[in-house]
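What follows is a set of notes on a single structure, which appears directly below.
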Amino acid sequence: MLIPEKLRLPTPEQALPGRDQPVTLSNRHWFNGHSLQPPYPEGLATCAFALGCFWGAERKFWQTPGVYSTAVGYAGGLTKNPSYREVCSSLTGHAEAVWVVFDPEHIRYQELLVIFWQAHDPTQGMRQGNDMGSQYRSMILTTTPEQAQLAAHSAAVYQRCLAQAGYGTITTEILPLNAFYYAEEEHQQYLGKNPDGYCGLSGLPVLWQA
């Protein structure tokens with residue numbers, strides 16, 4: 001049974017207040033040992049994506065050559081430094097998101113967009129499969145005007161591909177990233193630490209090439 005409150009974004013008056021203190025992290029990536037938080041080596045770029053449960057989403061990106069580091073967290077909402085429990089309440093406005101640090105000399109942003117589109121179903125609104133709630137909605141959170149242009153173009157291209165295959169309208173939000181709040185340590189690289197852990201990601205059989 002769907003819970004309507006979990007499928008709506010809170011107003012500023014409804015949103016939980018959060019806190020000033022961010023979570024404390026080891027700052028070491030489980031898979032490659034790189035830093036989760038800045039500063040990063042010169043020449044690297046950053047972006048963020050939300051495509052459902054962030055455990056499986058993060059693994060998609062850390063396994064990609066050219067990606068320097070990844071982290072899971074919360075973005076796109078109102079609450080400052082929320083907890084996982086608060087995000088799951090749907091009273092923060094945040095989506096579960098993946099922070100991606102990449103080397104543009106080895107992988108283009110467009111290639112990251114391909115991974116994003118093909119790793120999930122971007123037509124489902126406030127859900128991904130059996131995961132229901134506003135924290136599971138699809139988002140592209142950009143860090144530069146160029147990323148915003150490329151993301152919008154990719155959405156238009158993929159929408160045509162989906163329509164030709166008989167699928168519905170993309171519900172993905174494309175927004176500038178205002179803040180990325182890191183999730184608690186136990187969620188970072190979760191499926192690396194827990195290989196049998198839950199992953200509900202499932203893409204559509206519609207290809208899109210950068």
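The values are calculated or read from the model by the stated rules, or taken from the named source; none is laboratory data. What you see is a predicted model; the values in this text were computed from it and never measured. Cβ: placed from backbone, ideal geometry, glycine included. Neighbour counts: every protein chain shown. Heads up: the accessible areas ignore ligands, DNA and RNA and are worked out on the full protein's heavy atoms, side chains in. Shrake-Rupley method; radii C 1.70, N 1.55, O 1.52, S 1.80 Å.
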- Query: Which one of Met132, Thr143, Tyr158 has its Cα pushed farthest toward the positive end of the charge dipole of the range 86-210, where Lys and Arg give +1 and Asp and Glu give -1 at the Cβ?
  - Reply: Tyr158
- Row for the range 81-192, column shape: gyration tensor on C-alpha, a ≥ b ≥ c, rounded if a/c < 1.5 i.e. under 1.5, prolate if a/b over b/c, else oblate; value oblate
- Dipole check, the chain, charges on Cβ (K,R +1; D,E -1), about Cα centroid: among Asn81, Pro41, Ala95 the Cα furthest to the positive pole belongs to Ala95
- Task: Can you check what the Kirkwood hydrodynamic radius comes to for the range 127-208, Cα pairs only, in Å to one decimal?
- Result: 15.2 Å
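Carbon and sulfur atoms: what percent of the 1.4 Å accessible area of the range 98-190 do they account for?
Numbers: 2050 of 4000 Å².
Ligands and nucleic acids excluded, carbon and sulfur give 51 percent.
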- Task: About the Cα centre of the range 1-114, how large is the charge dipole given +1 on each Lys and Arg Cβ and -1 on each Asp and Glu Cβ? Please answer in debye to the nearest 20.
- Result: 280 debye
- Note on the structure: Here the range 192-204 yields Karplus 3J(HN,Hα) values (6.51, -1.76, 1.60; θ = phi - 60°; whole Hz; Gly and Pro given as x) of x, 6, 10, x, 9, x, 5, 9, x, 5, 8, x, 9
- Which helices of the chain meet both criteria: a Cα extent of 24 Å or more along the helical axis and a mean Kyte-Doolittle score no lower than -1.0, with helices taken as whole DSSP H segments? 145-164
- Query: Which whole-number percentage describes the relative contact order of the chain, with Cα contacts under 8 Å and a sequence gap of 6 or more?
  - Reply: 30 percent
- List the residues whose amide H sits under 5 Å from the amide H of Leu25, counting only those 5 or more places along or on another chain, with H placed 1.01 Å from N in the peptide plane. none
- Task: May I ask for the net charge around Tyr182, where only other residues with Cβ less than 15 Å from the Cβ of Tyr182 are counted and Lys, Arg are +1 while Asp, Glu are -1?
- Result: -4
- When N counts the residues of the range 54-133, how does its alpha-carbon radius of gyration compare numerically with 2.2 N^0.38 Å, as a ratio? 1.18
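Please state the shape class of the chain: rounded when a/c is under 1.5, otherwise prolate if a/b exceeds b/c and oblate if not, all from the C-alpha gyration tensor.
Rounded, because the longest to shortest axis ratio a/c is under 1.5.
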- Message: Apply the a/c threshold of 1.5 to the C-alpha gyration tensor of the range 160-204 and tell me whether it is rounded, prolate or oblate.
- Response: oblate
- In sequence order, what are the phi-derived ³J(HN,Hα) couplings for the range 19-35 according to the Karplus relation 6.51 cos²θ - 1.76 cosθ + 1.60 with θ = phi - 60°, rounded to whole Hz, with x for glycine and proline? 7, 7, 7, x, 5, 9, 10, 5, 6, 10, 5, 4, 7, 10, x, 6, 5
- Task: Compute log10 of I(q)/I(0) for the range 1-103 with the Debye formula, placing one identical point scatterer on every Cα and leaving out solvent, at q = 0.16, 0.19, 0.22 Å⁻¹, to two decimals.
- Result: -0.75, -0.97, -1.16
- Message: Please give the charge dipole size of the chain, origin at the Cα centre, charges +1 on K and R Cβ atoms and -1 on D and E Cβ atoms. Round to the nearest 20 debye.
- Response: 320 debye
